[in-house]
Protein chains: 6
Amino acid sequence: MYLADETWPDLGSYFAEESLALVPLGSTEQHGPHLPEGTDHLIAEGFAREVADRTGYLCTPTINIGVSPHHKQFHGTMWVDAPVFRDYVESFTRNLAYHGIDRVIFVNAHGGNVDHLREVGRRLRDEEVLYAIEWMWNDSIPDLVDDSFENNGPHGGPKETAMIQHLHPELVHDDELESARDGGVPSVEAANTEKFGSRTFYDAADNTDNGVLGDQTDATAEKGEEMFEAASEQLVKLCEWLDDQPFEDLTPKDHV
Amino acid sequence: MYLADETWPDLGSYFAEESLALVPLGSTEQHGPHLPEGTDHLIAEGFAREVADRTGYLCTPTINIGVSPHHKQFHGTMWVDAPVFRDYVESFTRNLAYHGIDRVIFVNAHGGNVDHLREVGRRLRDEEVLYAIEWMWNDSIPDLVDDSFENNGPHGGPKETAMIQHLHPELVHDDELESARDGGVPSVEAANTEKFGSRTFYDAADNTDNGVLGDQTDATAEKGEEMFEAASEQLVKLCEWLDDQPFEDLTPKDHV
Amino acid sequence: MYLADETWPDLGSYFAEESLALVPLGSTEQHGPHLPEGTDHLIAEGFAREVADRTGYLCTPTINIGVSPHHKQFHGTMWVDAPVFRDYVESFTRNLAYHGIDRVIFVNAHGGNVDHLREVGRRLRDEEVLYAIEWMWNDSIPDLVDDSFENNGPHGGPKETAMIQHLHPELVHDDELESARDGGVPSVEAANTEKFGSRTFYDAADNTDNGVLGDQTDATAEKGEEMFEAASEQLVKLCEWLDDQPFEDLTPKDHV
Amino acid sequence: MYLADETWPDLGSYFAEESLALVPLGSTEQHGPHLPEGTDHLIAEGFAREVADRTGYLCTPTINIGVSPHHKQFHGTMWVDAPVFRDYVESFTRNLAYHGIDRVIFVNAHGGNVDHLREVGRRLRDEEVLYAIEWMWNDSIPDLVDDSFENNGPHGGPKETAMIQHLHPELVHDDELESARDGGVPSVEAANTEKFGSRTFYDAADNTDNGVLGDQTDATAEKGEEMFEAASEQLVKLCEWLDDQPFEDLTPKDHV
Amino acid sequence: MYLADETWPDLGSYFAEESLALVPLGSTEQHGPHLPEGTDHLIAEGFAREVADRTGYLCTPTINIGVSPHHKQFHGTMWVDAPVFRDYVESFTRNLAYHGIDRVIFVNAHGGNVDHLREVGRRLRDEEVLYAIEWMWNDSIPDLVDDSFENNGPHGGPKETAMIQHLHPELVHDDELESARDGGVPSVEAANTEKFGSRTFYDAADNTDNGVLGDQTDATAEKGEEMFEAASEQLVKLCEWLDDQPFEDLTPKDHV
Amino acid sequence: MYLADETWPDLGSYFAEESLALVPLGSTEQHGPHLPEGTDHLIAEGFAREVADRTGYLCTPTINIGVSPHHKQFHGTMWVDAPVFRDYVESFTRNLAYHGIDRVIFVNAHGGNVDHLREVGRRLRDEEVLYAIEWMWNDSIPDLVDDSFENNGPHGGPKETAMIQHLHPELVHDDELESARDGGVPSVEAANTEKFGSRTFYDAADNTDNGVLGDQTDATAEKGEEMFEAASEQLVKLCEWLDDQPFEDLTPKDHV
């Protein structure tokens, strides 16, 4: 059920029965010469809507702009500063509780949002407003991702390329896959910016000239579809698990 | 040109020539028993994308959630608190300047966002970061709107109904138009909540039981189309006017 | 009853019986070559004290500095940034509740404060701290204002000139009324800064060279007195209406 | 010269020649059974206006509400929280620099504001916006104050009583002076709330039942007048000294 | 009992019986050519640990960096801005309440922290989170300090020199005591920066070339020891007094 | 060179030659029944002081309290909320630049601080104030850590136990190592709180009853010493590498 398409009386019927919401979040940022800047929010939206359709749970509109200052050197990257992102997500999530939502899954497809979503989740849980957790598709199927690619990326690599080839093939510049690979670096390690245990880079531009990592020619729409199916299934299970928990099991444990 | 669909090299070509961006903003909030909660962001997105297509100017992704606490009593209304909304819009708009954008049109379709967008615009202009102005479609064609309906609403009334009938007819519950009218109030005045010069209401629920105003049965897709064409034309002209201004004419005047 | 002139035991007698307070707010900003910069706070104070005298309700000291960045190009304009103004008003208003005040009228005479006072009022109402509403004198007598002047201004126009001629005639430079008119613009419309539905101006200086609008020579102290009487009467009625409401009718409605 | 009474062209003449402003600040808080709650802001306004008249320097409107949570237990005390007060004062003072003001005297008459005004002054000086210092009348004439009273108070004591007897005799309840003395405490020391080097009290109510200290019957309007004259003279000299300093001598010293 | 050296089960035993904590706070800032920059936090730690040992009450780790912008011109001075310091202290102190602490003594040895610790203490008391008070050793033994030195300083003077000679003799540059005296000023008064009742200085560098005041050659370890004993005894008594109070006597008094 | 032990003239000599500082940061939080709550800050201080001694670079005082809300259920855990921690670290680090520091290593020993230190580092780098990076000892010697223990923990496990056995053997309760192991869990995985790709736990108490993970009986002081030596060597190299970089290579790259 997609919240934005529904009227308030129809949503009232949902809230009368259910208290779970899926919130897709991504980013709008450079993804190399071959992928659209919307890659992350398109993937997040793809999963959240699919799983909402399969399960009947509520999906909210997508948060399209996230924490992406590390991609700012590349044209068109949009971002909000981290404290602002946290407050924005906290504000609308907190307000969902007004309608009876007490558990939320942040369906996230941008690594740069993870810590911030966890921080927001903590605030809301510690105040016992509601229980929110972050989910990223690739974390749910690590073996399949590892088996599918030699160098998965991560940013703008074959993993994300395959996913967009599956979800929005018209947005992939297939003729740029080789140049994406050749102009970037194979992996963060290859960029050699971790020194004596310290990450010395802050921006993607510190590691790669074209903004991406991995071997994009290794991507296919079929791999994308396989990963989409597998991860969607995981998200379905997460929804079911979460829905099954008594709310008191989701709140902070008592002091010892 | 839709930013999220483009790669960074393609966007680089845009920024090499142009410095204007259209940013659609709306809300996700109750719009009565007949319209989807996404009404406002769908309308904003409709105008911004259309005019970007016609003119070639850049359109960013849509901000789907706005300042809607005044609709909170109705199921599913999402909102962020006003200071958070301002900071979020300020942050990503400010960051657009990093790529060379120096003029922005907030293509807005939610009345509750107006003051906040103006406040953000002031901050950015006073610091001479960039020049941003707010535009709402109905303000650009007041006579046509007045002529089209006896009681245009505003919220969830025939004006917005006609627009969604035109843009997303599948999302309008045509069988609820009469009940929308009968369960609501004709106008804010009819609600009698302005007392001796003071607006005493804060929430839509203070004025109307079903959240909407006006006579929804007065709406048709044809009226929607006519308004959409007329207002799009106005927005095209605003883009052209804005693009024509030397940047120094857009910055604050000097002290007398 | 004027709070600042009273002792705490005398105020205790008031709070034992009453729970309403009038808070005058204005600005200190340019009002053209003929009016003092204190125009707005003088008017607000004038109404609040008069109505407190007539009704016996409590009037607090005046907030003299408001949100006036749009007049900054003119010598002497004082202002606080909008978020700071909101927090300041929220803080002292919230603290009034400690003494038992549960309803407040912001007697405001500066247009630039309106949205901010409404935003503060919402915060306090949503938290059920107290109920505060904004009142501006000219909104309470729109017909009389329209009938009194051809072009009322608004800023520094004959409407405000007449009011100061009535309340503080010694502060009006009568010999500057013609130059005020001739050096300004008749109305916002005449400034032609609304383009295709968008307000493109941010500052008074974008519209007018001397900071004011309308025909100041149309003002007389008699018109001022008539408006003062009529609007004071409206404010008296607002006090009475507000005092009559059970507090529970002033709090937010329940979720549908 | 009183800013609020002047037009912007007249203020332009001032700024063309001068760069100093006097800003009166006080509080609205209980001052016992005999003095009005406005005592502190009335005194601050009294000094600032008087010295502006004598010297020709500019005086702004008065800030009537300050940091007075320590008087909240007594009816009618108004206050803003300390961070809000600092931001409010910082905001309008900072904005004065826009007109050319580069040195400000906070003419303060409320002890609870001192630290906050110093903190604001530091911010503005460290950023080299302008140089602002705090002045309190009794600090400028400590010997005269000591000689005038056996127990000067401080809060609501004979020192402040005498000053209001001089400035606003109609606001002093002379028939309550004895009860003020008998219902309060002679001094902070007498309240015995400093324990082993630590101030253990936070509120006036922790020290005194009626909110005041000292022997109010020791006050006379003559003593008030004498102190007013003496302290005004000090403030005149401070203005002259401050005006004489080259601005670079008022900015922070360089790193050693 | 020193919190950082204990395990959580051992601390559980403490919290089962007691609800008082000592929190040492100081600064890291220049103290002239003869004293280490850690002087203030070393003194605070010295007292807090000693008294914790004598009484058995809990001592937390030391806050080493405080509000010292007024020493910034001298190499190595570290500081946090005042609002940040307040929020930091408030945050960890507030969180102590989670374990049952309801009374805290801020064992402070930096004058620049005093007002901020009082402001934090007020916030926590007004919300009835816990009761915290500030204590500085020299305020507890004013007569002994006065009797021990002709010119005690304050900053970097013989008072602090003697204390470090006692606590950490290896950190005192005894061969710099004369130059410390000769390169500084005898007292704030001697610097002549109070003008007509107003403190016109903001930084130590405004008063003294080497950062210190007083006659350092007047210091001896024996004086330091005597003061340490005497003030420790006062702090022991403060702990005992505080522990004896019923919590309801430590909360704000009711409205009159 | 330890900043707090030095005088300002001696620090002036350092800043004349060098621009690098080591800042130790840890936490004060439960570490099971066998380790002191100061474990993390003791380790951070141990490394930072050691490497400062070896290299001659400057070491600041230790930040003892960090972001540890996830340990709050266990007695004595102290913490500051995440936004407050970031602001505190940002403030004093930013101020170090005033003395000429342009590169900082956050010598951190608490996993819960990592993201926040990176966020602070970004702010300071993006504004080109200075360049700061985070370093954690175990990240610099991953192979040695892996080889030393079967289950290293992480929190309160044999890795940290061995380190405290080496640095502060008197603070380890050796008689509690078995109970630490038996009352905890072997690893995060073993706690089974990652569900379908989502981390569903927020607190240590969600995973373990006694707050710790791993097999503590596997720890020895010798292993601690070996790791301390190896990681210190890495930190020395990081200092040298960092000192060698031209500052312009440490600032953000230009827009492509």
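Give the residues of region D:179-206 that are over 19 Å from E:Ile141 (Cβ atoms), free of Cβ contacts under 8 Å to residues at least 60 places away in the same chain and within 10 Å of chain E (Cβ to nearest Cβ), sorted by residue number.
D:Phe201, D:Asp206
Residues in region D:146-168: is at least one more than 17 Å from D:His110 (Cα to Cα) and basic (Lys, Arg)?
Filtering region D:146-168 for residues more than 17 Å from D:His110 (Cα to Cα) gives D:146-151, D:165-166, D:168.
Then drop every residue that is not basic (Lys, Arg), which leaves none.
Checked against the condition, which is being more than 17 Å from D:His110 (Cα to Cα) and basic (Lys, Arg), region D:146-168 yields no hits at all.
Please work out if C:Asp115 is within 20 Å of B:His70 (Cβ to Cβ) and without any contact (Cβ under 8 Å) to a residue 12 or more places away in the chain.
When the stated conditions are applied, C:Asp115 passes them.
Take the residues of region B:98-121 that are among the aliphatic types (A, V, I, L, M) and closer than 18 Å to B:Ser19 by Cβ: which is nearest to the other protein chains (Cβ to nearest Cβ)?
The selected residue is B:Ile105.
Consider C:Val107 carefully, then state whether it is among the β-branched types (Val, Ile, Thr), at pLDDT 95 or above, surrounded by fewer than 21 Cβ atoms within 10 Å (Cβ to Cβ) and in contact with a helix residue (DSSP H, G or I) (Cβ under 8 Å, 6 or more places away or on another chain).
no
Restricting to region C:66-101, and then to whatever is of a type in the set (A, V, I, L, M, F, W, C), in a helix (DSSP H, G or I) and within 17 Å of the chain's Cα centre (by Cα), can you tell me which residue is farthest from C:Ser13 (Cα to Cα)?
Checked region C:66-101; the qualifying residue farthest from C:Ser13 (Cα to Cα) is C:Ala82.
All but one of (1) buried (at least 20 other Cβ atoms within 10 Å of the Cβ); (2) without any contact (Cβ under 8 Å) to a residue 60 or more places away in the chain hold for C:Asn152; state the number of the condition that does not hold.
Unmet for C:Asn152, out of (1) buried (at least 20 other Cβ atoms within 10 Å of the Cβ); (2) without any contact (Cβ under 8 Å) to a residue 60 or more places away in the chain: (2).
Only residues that are part of a loop (DSSP other than H, G, I, E, B) and within 7 Å of chain C (Cβ to nearest Cβ): list them for region D:1-17, please.
Going through region D:1-17, the residues part of a loop (DSSP other than H, G, I, E, B) turn out to be D:1, D:6-7.
Correct list: D:Glu6, D:Thr7.
Taking into account only those residues within region A:36-55 that are among the β-branched types (Val, Ile, Thr) and more than 19 Å from A:His71 (Cα to Cα), which is farthest from the chain's Cα centre (by Cα)?
Residue satisfying both the conditions and the ranking: A:Thr55.
Is one or more of the residues making up region A:239-256 touching a Gly at 6+ places or on another chain (Cβ under 8 Å) and either at positive phi or crowded, with 17+ Cβ neighbours inside 10 Å (or both)?
No, because not a single residue in region A:239-256 is touching a Gly at 6+ places or on another chain (Cβ under 8 Å) and either at positive phi or crowded, with 17+ Cβ neighbours inside 10 Å (or both).
Filter region B:44-65 down to the residues that are in contact with a Leu (Cβ under 7 Å, 6 or more places away or on another chain), of a type in the set (Val, Ile, Thr) and part of a helix (DSSP H, G or I) and list them by number.
Residue satisfying the conditions is B:Val51 alone.
Any idea how many residues of region A:138-166 are under 16 Å from A:Val114 (Cβ atoms) and among the hydroxyl-bearing types (Ser, Thr, Tyr)?
1
Hey, C:Ser13 hits all of (1) under 15 Å from C:Ile164 (Cβ atoms); (2) without any contact (Cβ under 8 Å) to a residue 24 or more places away in the chain but one; which does it fall short on?
Against the list (1) under 15 Å from C:Ile164 (Cβ atoms); (2) without any contact (Cβ under 8 Å) to a residue 24 or more places away in the chain, C:Ser13 comes up short only on (1).
Against the definition (more than 9 Å from chain A (Cβ to nearest Cβ), touching a Leu at 6+ places or on another chain (Cβ under 6 Å), surrounded by fewer than 22 Cβ atoms within 10 Å (Cβ to Cβ) and of a type in the set (Gly, Ala, Ser)), how does F:Ala230 come out, yes or no?
So F:Ala230 passes the test.
What pairs come up if the first residue lies in region A:160-178 and is closer than 17 Å to A:Met227 by Cβ and touching a residue at least 40 places away in the same chain (Cβ under 8 Å), the second is among the β-branched types (Val, Ile, Thr) and surrounded by fewer than 22 Cβ atoms within 10 Å (Cβ to Cβ), and their beta carbons are under 7 Å apart, counting only those six or more places apart or on different chains?
Between residues of region A:160-178 that are closer than 17 Å to A:Met227 by Cβ and touching a residue at least 40 places away in the same chain (Cβ under 8 Å) and residues that are among the β-branched types (Val, Ile, Thr) and surrounded by fewer than 22 Cβ atoms within 10 Å (Cβ to Cβ), the close pairs are A:Ala162/A:Thr220; A:Gln165/A:Thr220.
Against the conditions (1) farther than 30 Å from C:Gly100 by Cβ; (2) in contact with a Leu (Cβ under 7 Å, 6 or more places away or on another chain), where does C:Asp243 fall short? Just the number, please.
Condition (1) is where C:Asp243 drops out.
Quick check: anything in region A:201-219 at positive phi and touching a Gly at 6+ places or on another chain (Cβ under 7 Å)? Walk me through how you get there before you give the answer.
Step one: list which residues in region A:201-219 are at positive phi, which gives A:211, A:214.
From what's left, touching a Gly at 6+ places or on another chain (Cβ under 7 Å): A:211, A:214.
Yes, some residue in region A:201-219 is at positive phi and touching a Gly at 6+ places or on another chain (Cβ under 7 Å).
Return a yes/no flag: does region B:4-12 have any residue that is of a type in the set (A, V, I, L, M, F, W, C), touching a Pro at 6+ places or on another chain (Cβ under 7 Å) and within 16 Å of A:Thr60 (Cα to Cα).
No: zero hits.
Taking region F:225-256, which residues are assigned to a helix (DSSP H, G or I) and of a type in the set (D, E, K, R)? Give the derivation first.
Our first condition is that a residue be assigned to a helix (DSSP H, G or I); within region F:225-256, this holds for F:225-244, F:247-249.
Answer for region F:225-256, where residues must be assigned to a helix (DSSP H, G or I) and of a type in the set (D, E, K, R): F:Glu225, F:Glu226, F:Glu229, F:Glu233, F:Lys237, F:Glu240, F:Asp243, F:Asp244, F:Glu248, F:Asp249.
Restricted to region F:138-177, and to residues that are within 17 Å of the chain's Cα centre (by Cα) and among the hydrophobic types (A, V, I, L, M, F, W, C), which residue is nearest to the other protein chains (Cβ to nearest Cβ)?
Going through the qualifying residues, I end up with F:Ile141.
Which residue is surrounded by the fewest Cβ atoms within 10 Å (Cβ to Cβ), if the candidates are limited to region A:207-224 and must be outside any helix (DSSP H, G or I) and polar (S, T, N, Q)?
Residue satisfying both the conditions and the ranking: A:Thr220.
Hey, among the residues in region F:33-58 that are farther than 19 Å from F:Asn113 by Cα and within 13 Å of chain E (Cβ to nearest Cβ), which one's surrounded by the most Cβ atoms within 10 Å (Cβ to Cβ)?
Here the answer is F:Leu35.
Within region A:158-176, track down each residue that is among the aliphatic types (A, V, I, L, M) and more than 19 Å from B:Pro9 (Cβ to Cβ).
Within region A:158-176, A:Ala162, A:Met163, A:Leu167 qualify.
Report, by residue number, each residue of region A:19-32 that is surrounded by fewer than 24 Cβ atoms within 10 Å (Cβ to Cβ) and assigned to a strand (DSSP E or B).
Once the filter is applied, which keeps residues that are surrounded by fewer than 24 Cβ atoms within 10 Å (Cβ to Cβ) and assigned to a strand (DSSP E or B), region A:19-32 yields only A:Leu20.
Return a yes/no flag: does region F:70-81 have any residue that is within 23 Å of F:Asn207 (Cβ to Cβ) and either aromatic (Phe, Trp, Tyr) or modelled with pLDDT under 95 (or both).
yes
Starting from residues that are in a helix (DSSP H, G or I) and under 13 Å from the mean Cα position of the chain (by Cα), keep the ones in region C:110-124 and report whichever is surrounded by the fewest Cβ atoms within 10 Å (Cβ to Cβ).
Here the residue is C:Arg118.
Taking region D:240-256 as the search range and keeping residues that are touching a helix residue (DSSP H, G or I) at 6+ places or on another chain (Cβ under 8 Å) and more than 9 Å from chain E (Cβ to nearest Cβ), which one is nearest to D:Asn152 (Cα to Cα)?
D:Glu240
Looking only at region C:122-135, count every residue that is within 7 Å of another protein chain (Cβ to nearest Cβ), within 27 Å of C:Lys159 (Cα to Cα) and not aromatic (Phe, Trp, Tyr) and tell me the total.
2
Go through region D:72-89 and give me each residue that's more than 8 Å from chain C (Cβ to nearest Cβ) and farther than 13 Å from C:Phe92 by Cβ.
Listed by number, the residues that qualify are D:Gln73, D:Pro83, D:Arg86, D:Val89.
The values are calculated or read from the model by the stated rules, or taken from the named source; none is laboratory data. Keep in mind it's a predicted model, so treat the numbers as computed, not measured. A quick note on method: Cβ atoms are made from the backbone with ideal geometry, for glycine too, and the neighbour counts reach across all protein chains shown.
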